[in-house]
Structures are given as C-alpha cells and as structure tokens.
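Working notes, beginning with the structure itself.
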Amino acid sequence: MMALPIPDGGHISHAKKALNGTAGAVHGLKVRYFEYDEKELNIDVDKSIKRIRRMIKKGKAVTLFMFGASVFPFPHPVKDFRDIADEMGAFISYDGAHVAGLIAGGFFQDPLREGADVLSMSTHKTLPGPQGGLLVSWEKYSDRIKKAVFPGLTSNHHLNSVAGKAIAFAEMLKYGKEYASQIIANAKALGQALYEEGFKVLAEHKGFTESHTILIDVSGTPLKNGRACEEALESANIIVNRNLLPWDIREGRNYLAPGGIRLGTSEVTKIGMKESDMKEIASLMKRVVIGQDDPSTVGRDVEAFRQSFKKVKYCFESRADAYEYFDIE
Ligand SMILES: *Cc1c(COP(=O)(O)O)cnc(C)c1O
C-alpha cells in the first residue's frame, strides 16, 4: 500500500508494522510512502510516480493507493494516479475521515468521480454526527466490501446511534453547503489572522488551507514546541492539538514534543463563529503563545468571549420539528 507517513499527515491506521500501524500490524500490508512536497503540503505527483516506476522495475507493484490524511489542508491528486493504478491493477482508496462534511457540502474534492474506488469516512469530524464510519463505493465492489466489513472487521452495527446519524445526515442535507463553506472561510480567516499576529502558519502562499485545517510551526515561539503550546492553550480554555511537522523527525523532534500545532474550525463554526471571530481567537492565542500572558487570565477572557456562542447552529432547532425542516424519504 502506498500512503502518507505520519509526519506528512498520514493516520496511524495507514502506518507500517514497525509503528504498530493498523495497515502493517493488523492487515499485514507492506507500506510504502508517497513523496511529499513540504512547501505545498501535498503529495508530490512527479516524484511519487518516479518512485513507483522504480518499484515496478524491481518487480514490486503497488496494489493499493491510500489517499487522505489527518493533516489535510489541500485536496489530494487522486486523478493523477488513476492511470498508473490501472497499469498495475491497483485499487485507489480515499480516507475522507476528516473532510467528509466538506466533500458532502461540495467544497472539497470529489474523490469517487476523480477515480477513487472507495471512499471511507468518519461520521464525527467535519461530518458532525455520532461516532462511526461509513464506506461509499461502486456497485461492482459491493459484495467484496460487504464481506470485508462483515465478518472481516465488525459484527454488530451500533443501533444506539443509527437514529442520531439519520438526523445528522438530514441536517447536512439541509445545512451542509452553508456549514462546509463557512468552515473553510473560517479556516482561511483564522490562518490569515494568526499569520498577522506573528504565527508561522504554513502554506501562506496558498492561502493557508482549502479545508478546515491549518498547521502552524511553533518551534520559533517562546514555548518552542507543540506540546508546551497545547498545554498552555488548554490552561487558557483553548483546545488545539500538537502535531508533527513534515521535517520534525529529520530535525530530531518527535511526536511527544513536535514542532507544530494543528487547528480545525469545524467546532467553532458549529457554534456560529464567523470570520471576524477568528481574529479574536488569533489574538487570544497570541497572548498565550507569543506574549506569554498568564494562561488563566487569558482563560477568563476566552470564557467571556465564548458567552456569545451558546447555540449549536446548522441543525434542526427542536426535536419535535425535525420532520418539518426536512422530508426524510
Ligand atoms: C480520524 C481519522 C481516522 C479514524 O477515524 P475514527 O473514525 O475517528 O476512528 C482515520 N483516518 C484518518 C485520516 C483520520 O484522520
């Protein structure tokens, strides 16, 4: 399987046996990596295809391409790999765990129509429902996929969340376009605002992101690493997650104290924040990470700011009215 390594945004489920990754350790797959363009924050198509050609020469074909990532600011070049996949008889899988809601809203790429054989997703990230997973594929694969899921991977489905998922999906049908486009507008605005506050937000030349995610190099801040930032921000009631940057391992950092933090705007958007609110978030973050203000003081300002956002948006407003908002067929 060819996938992205963890420092380039790959998920632990795509990782090698040596890292206890699900692909390697559970499914026995040999994992090879795409070549990654660290400036563009995306897969390097030409270099990756060259790598595959070298593999083919040595008699080692790729049988599965795994696109998608946990740091996923820009759409992956699925189309560019369809020909070489066909040449080798390989399948293309697209892990849309993070971006499913953006795809559903029509504001990210459209992996199945770009050549993917199967699209997998979480039902609890930008697609905002109860926890779970979902596969979408073509009719020709249905029997094989059903067998792989049952008995291959699961037995029961989680009945306790079926109705919750139905409502979440109905809400996405009704509000998904608006929600997805606001998530992306907020992410771009947050990137810009943090950049203006002095943060080293990556991919500035591309407008920081085309998804919900931005990635920041915090190694040059007084707090020096993602872990210290994560902890200080948490004390100030701001939740972010420490994250490896593509060059961290090379520079001697590891996942415990990586060089970056990763932020997503799906939650702040769900409670109604807009672009101007991203400026406020950026200024609160600056006080903690760059200004080194006392996190508990900033935390009180975060609490006060949060008071104006107490309603969940992009959803039906009362349980009783759900069917009036949208006709579920
Ligand atoms: C979060 C994530 C997963 C795992 O999804 P869960 O449904 O939360 O277990 C898989 N792949 C990627 C790329 C992810 O980011």
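The values are calculated or read from the model by the stated rules, or taken from the named source; none is laboratory data. In this text, all values refer to a predicted model and were calculated from it rather than measured experimentally. Note: ideal-geometry Cβ built from the backbone for every residue, glycine included; neighbour counts use all protein chains shown. Protein only, heavy atoms only, side chains kept; ligands, DNA and RNA dropped before computing areas. Shrake-Rupley method; radii C 1.70, N 1.55, O 1.52, S 1.80 Å.
For the chain, give the magnitude of the charge dipole about the Cα centre (Cβ charges: +1 Lys/Arg, -1 Asp/Glu; no others), in debye to the nearest 20.
On the way: 44 positive and 42 negative charges, 252 e Å.
With only Lys, Arg, Asp and Glu charged at Cβ, the dipole is about 1220 debye.
Could you please put Arg113, Arg54, Arg82 in sequence from largest to smallest accessible area, using a 1.4 Å probe?
Working: Arg113 185, Arg54 130, Arg82 50 Å².
Sorted descending by solvent-accessible area, the residues read Arg113, Arg54, Arg82.
Over the range 2-156, what is the relative contact order in whole percent, taking alpha-carbon pairs under 8 Å and six or more residues apart? Can you show the working numbers first?
Details: 254 pairs, mean separation 23.0, N = 155.
Once divided by the residue count of the range 2-156, the mean separation gives 15 percent.
Which whole-number percent gives the relative contact order of the chain, counting Cα pairs below 8 Å spaced six or more residues apart? Before the final figure, lay out each step's value.
Numbers: 580 pairs, mean separation 45.5, N = 329.
Dividing the mean separation by the residue count of the chain yields 14 percent.
With the Cα gyration tensor of the chain giving a ≥ b ≥ c as the square roots of its eigenvalues, does the rule (a/c under 1.5 for rounded; else a/b larger than b/c for prolate; else oblate) give rounded, prolate or oblate? Display every interim value, and only then the final one.
Working: a/c = 1.96, a/b = 1.19, b/c = 1.64.
Oblate is the answer for the chain, as a/c is 1.5 or above yet b/c matches or exceeds a/b.
Over all directions, the average projected area of the alpha-carbon convex hull for the range 130-245 comes to how many nm²?
Values: hull surface 44.7 nm².
Mean projected area of the Cα convex hull: 11.2 nm².
What figure, in Å² to the nearest 10, do you get for the accessible area of Leu41 with a 1.4 Å probe and non-protein molecules left out?
Rounded to the nearest 10, that gives 10 Å².
What share of the DSSP beta bridges in the chain is antiparallel, in percent to the nearest 5?
Values: 18 of 28 bridges.
Close to 65 percent.
So what's the net charge close to Gly105: Lys and Arg +1, Asp and Glu -1, counting the other residues with Cβ under 10 Å from its Cβ?
On the way: positive: Lys177; negative: Glu178.
Net charge around Gly105: 0.
Structure shown: which of Lys60/Lys140; Lys16/Lys58; Lys125/Lys313; Lys224/Lys286 lie over 23 Å apart, alpha-carbon to alpha-carbon? Before the final figure, lay out the partial values.
Working: Lys60/Lys140 27 Å; Lys16/Lys58 21 Å; Lys125/Lys313 16 Å; Lys224/Lys286 14 Å.
Exceeds cut-off: Lys60/Lys140.
Relative to the present Cα-Cα distance, how much length would full extension add between Ile49 and Glu280 at 0.36 nm per residue of separation? Each step should come with its number before you reach the end.
Details: separation 231, 0.36 × 231 = 83.16 nm, distance 4.34 nm.
Length difference between fully extended and current span is 78.8 nm.
Got a number for carbon plus sulfur as a percent of the chain's accessible area, 1.4 Å probe?
Numbers: 8850 of 17050 Å².
That fraction is 52 percent.
Using a 1.4 Å probe on the protein heavy atoms only, what accessible surface does Ser181 show? Give it in Å² to the nearest 10.
The value for Ser181 is about 50 Å².
Looking at the range 2-156, I'd like the Rg to Rh ratio, where Rg is from alpha-carbon atoms and Rh is Kirkwood's inverse mean 1/r.
Numbers: Rg = 15.2 Å, Rh = 16.1 Å.
Using only Cα positions, Rg/Rh for the range 2-156 is 0.94.
Helix-only mean residue ellipticity at 222 nm, the chain, DSSP H runs n ≥ 4 weighted -39,500 (n - 2.57), per residue, nearest 500. What is it?
On the way: 10 runs with 115 residues, N = 329.
The per-residue figure over the chain is -10500 deg cm²/dmol.
What is the Cα centroid distance between the range 272-288 and the range 28-67, reported in whole angstrom?
38
At 1.4 Å probe size, with no ligands or nucleic acids counted, give the accessible surface of His27 in Å², nearest ten.
Accessible surface of His27 is approximately 100 Å².
Which aspartates and glutamates have a Cα lying under 16 Å from the Cα of Lys146, excluding residues fewer than 8 positions away in the same chain?
List returned: Asp117.
May I have the convex hull volume per residue, in Å³, for the Cα set of the range 175-306? List each step's numbers first, then the result.
Details: hull volume 12.6 nm³, N = 132.
In the range 175-306, the Cα hull volume divided by residue count equals 95 Å³.
Checking a compactness column here: for the range 217-259, what do you get for Rg(Cα) / (2.2 N^0.38 Å), N being the number of residues?
Details: Rg = 10.0 Å, N = 43, 2.2 N^0.38 = 9.2 Å.
Cα Rg divided by the expected 2.2 N^0.38 Å: 1.09.
Where in the chain are the helices, taken as whole DSSP H runs, whose Cα atoms extend 30 angstrom or more along the long axis and whose Kyte-Doolittle mean reaches at least -0.5? Spell out each step's value before the answer.
Values: long enough: 162-196 (43 Å, 0.21).
Those that pass (Cα extent of 30 Å or more, hydropathy at least -0.5) are 162-196.
What ranking do 254-260, 137-143 get when scored by the average of other Cβ atoms within 10 Å per residue, highest first? Before the final figure, lay out the partial values.
On the way: 254-260: 17.4, 137-143: 10.7.
Per-residue Cβ counts within 10 Å, averaged per peptide and sorted highest first, yield 254-260, 137-143.
Could you sort Glu204, Glu317 by their accessible area in this structure, using a 1.4 Å probe and putting the largest first?
Glu317, Glu204
Projected onto the charge dipole of the chain (+1 at Lys/Arg Cβ, -1 at Asp/Glu Cβ, origin at the Cα centre), which of Ala193, Gln109, Val289 gives the Cα projection farthest towards the positive end?
Going by the Cα projections, it comes out as Gln109.
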